[in-house]
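All remarks here apply to the structure that follows.
Throughout, read-outs are computed from the coordinates displayed, never taken from laboratory work. In this text, all values refer to a predicted model and were calculated from it rather than measured experimentally. We place every Cβ from the backbone using ideal geometry, glycine too, and count neighbours over all the protein chains shown.
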Amino acid sequence: MTPAARAQAAIEILDVILDGAPAEAALIRWSRSSRFAGSGDRAAVRDLVFAALRRRRSLGALGGSATGRGLILGLLRAAGTPPDELFTGHGHAPAPLTVAEREGGRDPTPAEALDLPDWVAQRLAAELGPDLPVVAEALRHRAPVWLRINAARTDASQAAGMLSRDGIETQPATQCPTALRVTAGERGLQSSRAFRDGLVELQDLAPQIACAAVPLAPGATVLDYCAGGGGKALALAARGASVTAWDASPARMRDLPARARRTGATINRAPDRGPDGRYDVVLTDVPCSGSGTWRRTPDAKWRLSAEQLDSFPATQLQIMENAAQYLRPGGRLVYMTCSLFAAENQGVISRFLSAHQRFALESSLSQRPGAGEASPDGFFHAILRDLTGG
């Protein structure tokens, strides 16, 4: 595909997304109906779509309309690329610019430049204060690619060397010894020997830091109560824990057995009806707004409503209530979200502690995307200690 044809494909996909379709679903449908598109074309179109969604408001202003065509036009103008180079109407290129499009477009307002819904910006401004522009700016850009080394089988130096031999360059993280940031060659990651042999896993820096903070005695038993794809279960198993995984929607764990085999981990799966027994650690990575990961799922920040956000804490609190029954006396209940909103984070912990005097807050950490190429996703974790164990 030519650059112009890729731009037209992105325009068509964006229009589907703007009509309400999830971005991933729209991209998959386009890919399946476009057999002529090679892997490089699919990656390039995906990058265009996600870049446009991350900056939807500001690009809509620059392009003169909040349509797929307007967003791609705004993206070109923001990059200093003459739109007429792609909007030619030849072959599969976008149609030439109209007079209105050529004369339209303007600089975004300060509110539009944040590329957040107004209600989101207002709530986050009250919580983040002067940090809001830095966080908002980070969400306008592509997230770094982070790897977690499988510490049960290798170390950072060995993993980095093996990746480098396959053309994948990395840098270690100062915040977490298991984390490597991919700086070049990311497209070849899943075909690399290190990945195929289970020596590295894709996992953002923030959850790696959170998992590393969980205290684990030798042979500790862990229940990952909202296991999903199993990334955190695998991270804790690599530290030597005996991990049991459960999820209210078992289908979310469909990839976990294959991931565990590849990494050499043993993950026990609890019965679908619910876990049995008591555990030293119960981990709850609860459903949330996902606001901390909006640079990875940029369409989500435009779909979230205030009513949806306000509904999450009750669900999150109920999950903690349910999970706590599987904790042994003296154990630790771990709460995690990928949210930037205090109502889903400190607010839930405060309400839980008020209702359960046997628990005490041992530690907590809020992480936010920020300036620089190596910032983590937005993430929150809190570790609660059951005081009844003496």
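Compute the helix-to-body angle for 68-79: its Cα long axis versus the longest principal axis of the chain, expressed 0 to 90° and rounded to tens.
So the helix axis and the longest Cα principal axis differ by about 90 degrees.
Mind telling me which of Phe380, Phe87, Phe341 comes out most flexible in a GNM of the chain, alpha-carbon contacts under 10 Å?
Taking springs between Cα atoms under 10 Å, the residue moving most is Phe87.
So for the pair Thr315, Thr98, with labels modelled 7 Å out along Cα→Cβ, what separation do we get in nm?
Going by the 7 Å Cα→Cβ label model, 4.0 nm.
Kirkwood Rh, Cα Rg: Rg to Rh for region 288-357?
Value, to two decimals: 1.04.
If you rank Asp255, Asp15, Asp115 by fewest surrounding Cβ atoms within 10 Å, what's the result?
Lowest count first: Asp255, Asp15, Asp115.
So what's the back-of-envelope 222 nm ellipticity for the chain, counting only DSSP H runs of four-plus at -39500 (n - 2.57) apiece and dividing by all residues, rounded to 500?
Roughly -12000 deg cm²/dmol at 222 nm, from the helical runs in the chain.
Given the C-alpha centroids of region 1-72 and region 276-335, what is the distance between them in whole angstrom?
Between the Cα centre of region 1-72 and that of region 276-335, the gap is 31 Å.
Near the amide H of Ala220, under 5 Å away, which other amide H atoms are found, from residues 5 or more places off or on another chain, if H is placed in the peptide plane?
Amide H to amide H, under 5 Å and 5 or more residues apart or across chains, Ala220 pairs with Ser242.
Given a Förster radius of 30 Å and the C-beta distance between Ala79 and Arg196 as r, what FRET efficiency does 1/(1 + (r/R0)^6) yield to the nearest 0.05?
0.25
Choose one of Pro133, Phe195, Asn322: the residue whose Cα lies farthest towards the positive end of the charge dipole of the chain (beta-carbon charges +1 Lys, Arg; -1 Asp, Glu; about the Cα centre).
The residue sitting farthest along the positive end of the dipole is Phe195.
Which net charge results for the neighbourhood of Ser31, defined as the other residues with beta-carbon distances under 15 angstrom from its beta-carbon, given Lys and Arg at +1 and Asp and Glu at -1?
Taking every Cβ under 15 Å from that of Ser31, the sum is +2.
In the neighborhood of Asp166, defined by Cβ-to-Cβ distances under 12 Å, what is the net charge if each Lys or Arg adds +1 and each Asp or Glu adds -1?
With Lys, Arg at +1 and Asp, Glu at -1, the neighbours total +1.
How big is D, in µm² s⁻¹, for region 334-389 by Stokes-Einstein at 10 °C and 1.306 mPa s if Rh is the Kirkwood radius over C-alpha pairs?
In µm²/s, the coefficient is 130.
Find which of Ala371, Ala382, Ala238 sits farthest along the positive direction of the dipole of region 213-389, computed with +1 on the beta-carbon of Lys and Arg, -1 on that of Asp and Glu, about the Cα centre.
Ala238
Quantify how much of the Cα-Cα distance distribution of region 213-389 extends past 24 Å, in percent.
Taking all Cα-Cα pairs of region 213-389, the fraction more than 24 Å apart is 38 percent.
Quantify how much of the Cα-Cα distance distribution of the chain extends past 39 Å, in percent.
Across the chain, Cα pairs with separations above 39 Å total 23 percent.
Charges at C-beta only: +1 for Lys and Arg, -1 for Asp and Glu. How large is the resulting dipole of the chain about its Cα centre, in Debye rounded to 20?
Taking the Cα centre of the chain as origin, the dipole is about 940 debye.
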